[in-house]
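What follows is a short report on a single structure.
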Amino acid sequence: MVLAYQMFENFTQDAPVITYSEFINELNNDNLSEVTFEDQKINGVLKDAKQFASVKSGNAYSKFETQLPFPDFNYELVKKLENANVKIVAKDQSPNLFSYLAAAAPWIILILIWLFFIRQMQGGGGAKGLFNFGKSKAKLLTDERPKVTFNDVAGADEAKEELQEIIEFLKEPAKFQKLGGKIPKGALLLGPPGTGKTLLARAIAGEAGVPFFSMSGSDFVEMFVGVGASRVRDLFEQGKKNAPCIIFIDEIDAVGRHRGAGLGGGHDEREQTLNQLLVEMDGFESNEGVILI
């Protein structure tokens, strides 16, 4: 657009640019009828058309344009023009299209960058679309699920019985629904290290027969604010698309904490992540068929 404007200016220009010396010669020869000052530029009108040595076209012109070689106003030049009875006109500098674009370019670039980030964040659900920081890192286990079953888990009979009921509910929900049973929100496996919590989760993945999402609790929280809650939302979105399914979060204590323990009574990133997890489990919207372990 700028190049087209400059070409248009060149084609429509009927006043060639001459040297300041040629301008003084025309003044001394009493061949000036009108002079217009516009900042450092002088536009003049000749009494008689003339060819200029600095103009290669060889045509005779009755108008011309030149530049003042000095930044300050020259009263001696004005005095000479008055003595020669030359009409003097002064105008404010009128910026052209190029100067407008040059002045607006930094603001346009900043606005475009701002709109890009806004669109990325809105399109991705919080920080999800921003370089995929908010995208869940959960692994979906289908054909490559572990071959571990409950027969490989020794002890923990009560826990195995509770978890087997969840698996039966996923496989045959009609049998429980006839009795008025409802699918549970999930199960919390609690115990010291080495007691078989992760082994039970592998057994669930091996026997469930439904999509199984596996993720570590430490994958939620990053250095960016809002990433943890966004990853929770993305995780449950994937779960809803594959329902009925099971979501397993290992080492959930990475985001667990006492509520309201932040500095100044505020919430930190881990608490926001935990709150979002609770909302997804039992919030306003139902999550039928998504079980959290």
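Computed from the coordinates by the stated procedures, all read-outs in this text should not be read as laboratory data. If you're wondering where the values come from, they're calculated on a predicted model, not measured in any experiment. For neighbour counting, all protein chains shown are included, and Cβ atoms are generated from backbone atoms with ideal geometry for every residue, glycine included.
Just to confirm the filter: which trypsin sites (Lys or Arg not before Pro) across region 160-238 are DSSP coil and have at most 10 other Cβ within 10 angstrom of their Cβ?
LYS178, LYS182
What's the FRET efficiency of GLU38 with ILE113 using the Cβ-Cβ distance as r and R₀ = 25 Å, to the nearest 0.05?
Given R0 = 25 Å and the Cβ-Cβ separation, E is 0.10.
In terms of modelled amide H atoms, which long-range or inter-chain residues lie less than 5 Å from the amide H of GLU34?
VAL45, LYS87
Check each of the chymotrypsin sites (Phe, Trp or Tyr not before Pro) in region 12-85 and keep only those in coil by DSSP with at most 14 other C-beta atoms within 10 angstrom; list them in order.
Answer in residue order: PHE73.
Residues of region 41-82 with the amide nitrogen closer than 11 Å to a label point 7 Å from the Cα of ASN29, along Cα-to-Cβ, please.
47-53, 61
Length gain on complete extension for the stretch LEU68 to ALA53, per 0.36 nm per residue less the alpha carbon to alpha carbon distance?
Net length gain for the segment: 3.5 nm.
So how do SER214, SER99, SER33 line up by other beta-carbon neighbours within 10 Å, fewest first?
Ordered by Cβ neighbours within 10 Å, fewest first: SER99, SER33, SER214.
If you filter region 12-73 for trypsin sites (Lys or Arg not before Pro), then keep DSSP loop positions with at most 14 other Cβ within 10 Å, what is left?
Of the trypsin sites (Lys or Arg not before Pro), the ones in loops of region 12-73 whose Cβ has at most 14 other Cβ atoms within 10 Å are LYS56.
Which cross-chain or sequence-distant (5 or more) residues have an amide H under 5 Å from the amide H of LEU292, H modelled 1.01 Å from N in plane?
For LEU292, the qualifying residues are GLY186, ALA187, ILE247.
Counting other beta carbons within 10 Å of each residue's own, what order do GLU26, GLU34 fall into, fewest first?
So the ranking, lowest neighbour count to highest, is GLU34, GLU26.
Find how much the distance from VAL45 to LYS240 grows on full extension, using 0.36 nm per residue of separation minus their present alpha carbon separation; answer in nm with one decimal.
Contour length minus the Cα-Cα distance gives 62.3 nm.
Mind checking the full-extension length gain between TYR75 and LYS91? Use 0.36 nm per residue of separation minus the Cα-Cα distance, one decimal, nm.
Taking TYR75 through LYS91 to full extension adds about 4.1 nm, to one decimal.
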